[in-house]
Structures are given as structure tokens and as C-alpha cells.
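Notes follow once the structure below has been shown.
All of the numbers you see were taken from the coordinates with simple rules; none came from a lab. Nothing here was measured: the structure is a model prediction, and the numbers come from that model. A quick note on method: Cβ atoms are made from the backbone with ideal geometry, for glycine too, and the neighbour counts reach across all protein chains shown.
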Amino acid sequence: MSLTLATLLPGLFLIALGALFFINNSAIQSTLKALPRSPVAAAIFFGGGAVWFLFIVWNLSAADLVIFTTPQPWALIFGLLAGLAFFYVPDFLAVRGLSVLTLLAAWPLLMAGYMEFNYPQLLLLKVFLYVCIALAIWLGVSPFRLRDFFQWLFATSGRPRLVGGGLLAYGAVLSAVALTY
């Protein structure tokens, strides 16, 4: 992945997310408030994260394997665990899925800027990604915090617009920075 694309994609994502918060209508509010416990969102986010992770496990090299000689048993074990999570841990599975997707998506974005010391503006992307990684780990451990955040955010009408404006601004900065490499 090129450095330009690795910076532009998070910028455009932040612009889209910021626009959702900035619009702040009742449909967006109810959707976001229902997201942490939504079974549809769990199927999309956790299912997508599980498929991506299983793809990575399926393509492990021989140097990464310890117990088994092929990656297929590992893929089977992790696939079974992901399937069982839908039945035995359905609460806040969408938030955990978002956390998994965040952690998996951060890797190629960070690798695009690996050992690139000539671009100080790259720190804007890396700081954003490391904050996202820390949030993903925190929300993966205590996913109810996202529900609490949405309740706090939508308690007044000004907070979503303020957060949305901040996300829009940072997304615009990242998108502009993507064109400077």
C-alpha cells in the first residue's frame, strides 16, 4: 500500500464519520445507540473481523507455526471459537468486532509508513492510528464503554456537532497531508 493511500483512506473515513456526527439527526442517533448490542452489526463487524483474521491465519508461513505443521488446524480452531462467540458471548459483540477490525486495519496502514523518516507529516497518521489501537484494545476489554460514550455524546445537541466537527477537521488535515508525499 502506498503512503498516499494509507493516509488518504483514514482521512476519508474520518470525514465520513465526522459528517455523520455533525448531521446528528434522530435516525443516526438511534442507529449509533443501538450499535453496541445489534445482532446485525455483530454479524457484519465481528464476522468480518473473524473472516479477515482467519484469512491471515490460513496464510501463515511455516516459520510462524509451532505446534502444527500446517495453518489449517489453527484456522479451524479460531473459526470454531469465532462461531461459538455468537452463541455464548453475544453481548456487545459488535463492539468487539469493531475492535478487531480496527486492529487488523491498523497494521497495513502503519506498515506503509514503516522506516519513512523523511516525512514529518506522517506523524499525524501514526498518532491517529496508535490512538485507534489503544481505543480498540480498551473497548475490546470493556465494550460497554462505547454504549456509555454514545449516551454521553447524545445527551445534548451540541456534543455530536462538536465531535463531528473535530473528526471532519482532522480528516481534512489527513486528506490534505496525503497529497504532500
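Numbers for the structure displayed
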quantity: The chain - convex hull of alpha carbons, volume per residue in Å³; calculated: 122
quantity: By average C-beta atoms within 10 angstrom, highest first, the peptides 148-158, 61-71, 100-110; calculated: 100-110, 148-158, 61-71
quantity: Inter-label distance, nm, simple model (7 Å from Cα along the C-beta direction), W138/L81; calculated: 2.5
quantity: Unit charges on C-beta of K, R, D, E only; dipole of region 3-178, Debye; calculated: 480
quantity: For I44, net neighbour charge (Lys/Arg +1, Asp/Glu -1) across residues whose Cβ lies under 14 Å away; calculated: +2
quantity: By average C-beta atoms within 10 angstrom, highest first, the peptides 37-43, 81-87; calculated: 37-43, 81-87
quantity: Table column - 3J(HN,Hα) (Hz), region 6-17, Karplus curve with 6.51, -1.76, 1.60, x for Gly and Pro; calculated: 5, 8, 5, 4, x, x, 5, 4, 5, 5, 5, 5
quantity: Tail fraction, Cα-Cα pairs, region 29-80, threshold 12 Å, whole percent; calculated: 67
quantity: Helix-derived mean residue ellipticity, 222 nm - over the chain, DSSP H n ≥ 4, -39500 (n - 2.57), to 500; calculated: -25500 deg cm²/dmol
quantity: Positive-end residue of Q121, S61, L139, charge dipole of region 61-151 with Cβ unit charges; calculated: L139
quantity: For P143, net neighbour charge (Lys/Arg +1, Asp/Glu -1) across residues whose Cβ lies under 15 Å away; calculated: +3
quantity: Euclidean distance of C-alpha centroids, region 21-35 and region 52-129, integer Å; calculated: 28
quantity: Under the Karplus curve 6.51 cos²θ - 1.76 cosθ + 1.60, θ = phi - 60°, whole-Hz ³J(HN,Hα) for region 155-171, x wherever Gly or Pro sits; calculated: 5, 10, 7, x, 5, x, 5, 5, 5, x, x, x, 5, 4, 5, 5, x
quantity: FRET efficiency, A169 to T69 (Cβ-Cβ, R0 45 Å, nearest 0.05); calculated: 0.30
